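Comments concern the structure below.
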Amino acid sequence: MQEKDFSIRAGRIHKLEQLQKQGVNAYPHLFKPSLSSAELQQEFEHLGKGQTDPAFVKVVGRIRAIRHSGMFMDLEDKTGKIQIFTDLTRRGPASELLEFLDIGDIIGVEGTIKRTMRGELSVVAQKTVMLSKSLQPLPEKRHGLTDKEACYRQRYLDILVNPGSKETLLKRSRTIQAIREVLSQEEFVEVETPILHPIKGGANARPFMTHYHALNMPFYLRIASELYLKRLIVGGMDRVFEIGKTFRNEGIDTSHLPEFTMLDLYQAYADYHDMMSLSQKLLRETALATNKTLAFAWRDKEIDLSAPFKKLSIVEAASEAVDIDFMAVPTDQEAIQAAKAKGVQLKGDESWGKVIETVFDQRIEQKLIQPTFVMDLPRDISPLAKEHRSNPRLAERFMLYVGGMELGEAYSELTNPLDQRKRFEEQAARAFDPEAQQMDEDFVTALEHGMPPTGGMGIGVDRLAMLLTNSSSIRDVITFPALRAKHKASTVLQASQKQR
């Protein structure tokens, strides 16, 4: 905090103390408005310039401007701006508080209505009530809050002074509401599953670990809700979904954060073709709910969701990108050597399928701007998907790409418990891979009780919100994104936390 801010804060604290000496509670329990700014404008739109209305109203808001020694103030509530007029020639409940007010204070005003000669609808104050004395100044109005890191760290200020940031978060809310409405129409049931898992499973990812003291066991923050949701399918809940936090202890960039929100859903008696149809409906309905159109800007491009989504074989696309027929390459090492010879960056321990996925990541995905189903991924990187009906090296799995980024993926879910056990064992054999899944005996036991043919899908809610709000970073659509600590914790604080 700059030195001048200390001075401003001291001045505001002095005003607060003066109010307290006069017996004024600057943080009262309640003050209910009778009308919002928008309702005020609508109800009194008939008033002409210079006309008044004796109707008594109560409004609330944060002071955003003070003019002419407090004669005019602009209050801002969630629906817009309200102008307050105070007659400075009269001492009373309306004017006696003025000397203690600052921009940023939240106040309540009781009064009548007038439209000024300039056409501004105003509340003529008869009583002004302090609702919350602001001790910190708002960012300077002309330049606002422009530093991105400051916006993320102090999101409350970002929302207060940058209307676009607030609108982005409101659009995200509309997107999630639309998802729920579509799935309700499709007769899905919303459920909740554990966030703390005894097994790392449901996806290939590096987990966050913790210790469950009451059980004296290591646990993982979930990397996917998949295995629990599929247990519900076994239990006879034929259509289930969950929107919730997921955690993967991996890198951070403009489209990745270790903590993110996922939509996961499962539908019995369906396959990955049904998931394609459902994903198209979800994207279109959320776009309409958020932007009221199926065509919208994305960076320097335009996304159009109205046409049928393109379908692309990942093996064929990867083969074409590096001029290698991967279906003719029989072993992992041969695939690695062939791809490296074409300039693909590899560690050298990848499986056949992982080589193909890496080629796709490095050469193809950024080019997929219009909605595209990247289909039929290699079986060896799809431990939870059914083997492809026409090729045992592949799985019935697709990834949905829009705007050059993956929005989600779906499977024809693996329902054969013996095959599932074998896939888990193959993953467990790759102990050197920190992303490999572990054997989940309870899930295999659930499958042994019988799971119907099922289609499953996961969609990244944050990335979908990025797309629909044309946001350049995933942090823009997350209310409070995690950031590196600004200052190291004091040794006293660290010691205290260690003792706990």
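The values are calculated or read from the model by the stated rules, or taken from the named source; none is laboratory data. Note that the structure is a prediction, hence the values are computed from the model and not measured. With ideal geometry, Cβ positions are generated from the backbone for all residues, glycine too; neighbour counts draw on all protein chains shown. Just so you know, the surface numbers come from the protein's heavy atoms only, side chains and all, with ligands and any DNA or RNA stripped out. Shrake-Rupley method; radii C 1.70, N 1.55, O 1.52, S 1.80 Å.
Here are some notes:
- Enumeration of residues in the range 338-364 that are open to solvent by 40 Å² or more (accessible area, probe 1.4 Å), closer than 16 Å to Ile314 by Cα and either of a type in the set (Val, Ile, Thr) or out of contact with any helix residue (DSSP H, G or I) (no Cβ under 7 Å at 6 or more places or on another chain) (or both): Asp361, Gln362
- Looking across the range 103-125 at every residue that is touching a residue at least 60 places away in the same chain (Cβ under 8 Å) and surrounded by 17 or more Cβ atoms within 10 Å (Cβ to Cβ), the one that is nearest to Pro33 (Cα to Cα) is identified as Gly108.
- Residues of the range 269-325 classified as outside any helix (DSSP H, G or I) and aliphatic (A, V, I, L, M), total: 9
- Scope the range 66-97; condition surrounded by fewer than 17 Cβ atoms within 10 Å (Cβ to Cβ) and among the polar types (S, T, N, Q); matching residues: Ser69, Thr79, Thr89
- Here Ala339 meets the list (1) in contact (Cβ under 8 Å) with a residue 40 or more places away in the chain; (2) more than 27 Å from Gly455 (Cα to Cα); (3) not β-branched (Val, Ile, Thr) almost entirely, failing just condition (1).
- Here Asp349 clears all of (1) closer than 28 Å to Gly460 by Cα; (2) not in a helix (DSSP H, G or I) except the condition numbered (1).
- Residue that is more than 21 Å from the chain's Cα centre (by Cα) and open to solvent by less than 80 Å² (accessible area, probe 1.4 Å), where the choices are Leu160, Leu135, Leu169: Leu135
- The range 151-265 holds strands (runs of 3 or more DSSP E) entirely within its bounds, and those carrying 2 or more residues that are among the aliphatic types (A, V, I, L, M) map to 217-221, 239-247.
- Some residue of the range 111-119 being β-branched (Val, Ile, Thr), at pLDDT below 95 and not in a helix (DSSP H, G or I): yes
- When residues in the range 365-391 are screened for being touching a Pro at 6+ places or on another chain (Cβ under 9 Å) and surrounded by fewer than 20 Cβ atoms within 10 Å (Cβ to Cβ), 0 of them pass.
- The single condition among (1) part of a helix (DSSP H, G or I); (2) more than 20 Å from Lys354 (Cβ to Cβ); (3) of a type outside the set (Asp, Glu) that Phe424 does not satisfy is (2).
- Count of residues meeting criterion [open to solvent by 40 Å² or more (accessible area, probe 1.4 Å) and under 36 Å from the mean Cα position of the chain (by Cα)] in the range 44-65: 3
- Condition check for Ala307 on (1) open to solvent by 30 Å² or more (accessible area, probe 1.4 Å); (2) out of contact with any helix residue (DSSP H, G or I) (no Cβ under 8 Å at 6 or more places or on another chain); (3) within 27 Å of Ile474 (Cα to Cα); (4) modelled with pLDDT of 95 or more: one failure, at (4).
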